[in-house]
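Input: a single structure, listed below in structure tokens.
The values are calculated or read from the model by the stated rules, or taken from the named source; none is laboratory data. Just so we're clear, the structure is a prediction, and the values are computed from it rather than from any experiment. Counting neighbours? That spans all protein chains shown, and the Cβs are built from the backbone with ideal geometry, glycine included. Ligands, DNA and RNA are excluded from the accessible area calculation, which covers all protein heavy atoms including side chains. Shrake-Rupley method; radii C 1.70, N 1.55, O 1.52, S 1.80 Å.
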Amino acid sequence: MPTITEGNLRFDFPEGWTAWKYDEGDFYRARFIKIKNGIKALDIVAVDPEGEVWLIEIKDYRIRLNEGAENPADTVNASKLPDVVIRKVVGTLAAILPAKLHADSPENMTAEKILATTKLNPVLHIEQTKTSNKLHPYAIRPADIQQKLTTKFQRIGLGMLVTGTGSRTRVPWEVAPV
């Protein structure tokens, strides 16, 4: 069972899945990111046994800046979150073909699986602390973010899934705190 830790979260994928901590991959870090300043990538790319690709971005807003967030520059306010996610999806997709052609194993084999897919599933996983407001218990409303992202991604035939621990939206993997 593939397991990936991102920040304070552990993602456990089912047996038969391939999961890749994409933004830390050798090809992306050593080569692709250097072609232009500002290129960004998703946190995890996973492929299920049926060949569907899951493009996963993770935002953990439970960590406050004064509590030692690993990279405060990565903290994004809610109004900019859709643009950040779009940029990371586009950057990741742009890097997949070159990774298939020029990355070393296993990155090129994973890129080959991704390119063979018939379905892409972008996912934004948001963790946040509940507020005391019963009407709006979260500062960032996942439904609003999902609507904005779905509207943009529909133009290229993609949907969008926004989830988090405790969300009603179900995904085929488990997420737990580290």
note = Largest-first ranking of 167, 132 by accessible area, probe 1.4 Å, whole protein assembly kept, is 132, 167
Accessible area expressed per residue, the chain, with surrounding protein chains retained (probe 1.4 Å, Å²) = 58
key: Label zone at residue 136 (point 7 Å along Cα-to-Cβ), backbone N below 16 Å, the stretch 147-163   = 147-148
ask   = In the calculated pair distance distribution of the stretch 1-60, what percentage of Cα-Cα distances lie above 17 Å?
value = 43
key: Share of carbon and sulfur in the accessible heavy-atom surface of the chain [1.4 Å probe, %]   = 51
task = Kindly state, to the nearest 0.05, the FRET efficiency for residue 174 paired with residue 109, given R0 = 25 Å and r defined as their beta-carbon distance.
result = 0.50
request  = Apply the Debye scattering formula to the chain, with a single equal point scatterer on each alpha-carbon and no solvent, then give log10 I(q)/I(0) at q = 0.10, 0.11, 0.12 Å⁻¹.
outcome  = -0.38, -0.47, -0.56
ask   = What is the list of residues in the stretch 158-173 whose amide nitrogen lies under 18 Å from a point 7 angstrom out from the Cα of residue 84, following Cα to Cβ?
value = 161-165
ask   = With axes computed from alpha carbons, what is the tilt in degrees of helix 81-102 against the longest principal axis of the chain, rounded to the nearest 10 within 0 to 90?
value = 10
remark   = Simple spin-label estimate for residue 37/residue 5, 7 Å along Cα→Cβ, in nm, reads 3.4
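Could you tell me what percent of the DSSP beta bridges with both partners in the chain are antiparallel, to the nearest 5?
60
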